[in-house]
Amino acid sequence: MKYFTANHTNPYSAFFFLLVFVRVCSLLIILMCSLVTGACTRSVNEESSAGIIWQGARPLAILQTGEHPLWFLFSPDGPIHIESIYDAVYYSAFIPWTHAMHVSFFAENNNAFIMAVNRDGFLKFDESTGVLAMFRFPGGELWRQYTIGSFVFFQGNPAVTLYLDNRFSDLYHTIPNPRTWTFNMESNAVLPLNIPALQLFSEEEGWDIDALRYSSDGMFYYRAVKRSGANPEVRTFRTADLASSGEEIPIDVFFNSAPRREALFHSSLPLLPEGFFYTGIGSVGDNLFAVWEEQTDFNIGAAGFVVLKP
């Protein structure tokens, strides 16, 4: 659960400047390490994928899990491999979760594990070719301006909605248009996707969709917010089929449709440093994926995921 409170760090304290200095130094070390480990990863990938002809989307890496976990850290250029979770300590300054790179949503689908990475794009992991391949579908500059509000499947397609969230920033952007995106395996590009239930709320008229979810009752619930004008308008809906318009519902019915969060525990997961937390878990074949974040209040620092054999 996210808590929206103020960050009271004193920017003029000696400790703050020391912390920034340490984080900058750690970033330089991480980047140097990533160049070295990246070269090693490429050589392993070339050997692992020998004989495979990739059609359409090409994998970012081939993962070989074994005795030791594989740790990955999100960077502006995509996930980078690090030797240990402790290499992520002091990697990033804490920023509000709406602006931070982290796994907003994830799902297992057709023997694949898909992540929706805030301010970045999609990651997909599968073993359809006999190796564990990691594919990246970056959203580019557009995705860097907006927050991921949902991740659902529409007619078999993974679908992410972006929305404008500037509550922690004075920067102003327009409502994202298109607001809904997907990908396929024909290329590494993200593609716009029209969801009929959302089309009633035009981006040009100032409507934003900041939440869309599939609930345990078999219904889709979504919230539309009109940000233009003196008095913002909020409306909530549900539908059994996103191909048609939904029925309007009271706000309390919408909130009650949210899934209940449970404590995340798996005996195979490695211990994390203080201030780091696992936020999700999934699998592909006999490979276990766990998503992690460095958290304080409503802020996120470093974030990434680990892959291992349980």
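Where a number appears in this text, it was derived from the coordinates with a stated rule and is not lab data. What you see is a predicted model, and the numbers here were worked out from it, not measured in a lab. Reconstructed Cβ throughout: ideal geometry from the backbone, glycine too, with neighbour counts over all protein chains shown.
Applying the Karplus relation 6.51 cos²θ - 1.76 cosθ + 1.60 with θ = phi - 60° to segment 126-138 yields 3J(HN,Hα) values of 8, 10, 5, 9, x, 10, 7, 9, 10, 9, 10, 10, x Hz, where x marks Gly and Pro.
Return Ser104, Ser92 ranked ascending by Cβ neighbour count within 10 Å, so the fewest neighbours appear first. Ordered by Cβ neighbours within 10 Å, fewest first: Ser92, Ser104. Taking amide H positions as modeled 1.01 Å from N, with prolines and chain starts lacking one, the residues under 5 Å from Ile249 and 5 or more places away or on another chain are Thr236, Phe237, Arg238. Considering only alpha-carbon pairs that sit under 8 angstrom and 6 or more positions apart, the relative contact order computed for segment 14-308 is 18 percent.
Across segment 252-257, computed HN-Hα scalar couplings (Karplus, 6.51 cos²θ - 1.76 cosθ + 1.60, θ = phi - 60°) run 5, 5, 4, 5, 5, 7 Hz from first to last residue, x flagging Gly and Pro.
For segment 204-216, the Karplus equation 6.51 cos²θ - 1.76 cosθ + 1.60, evaluated at θ = phi - 60°, returns couplings of 4, 8, x, 7, 10, 10, 9, 7, 8, 8, 9, 9, 5 Hz by residue, with Gly and Pro reported as x.
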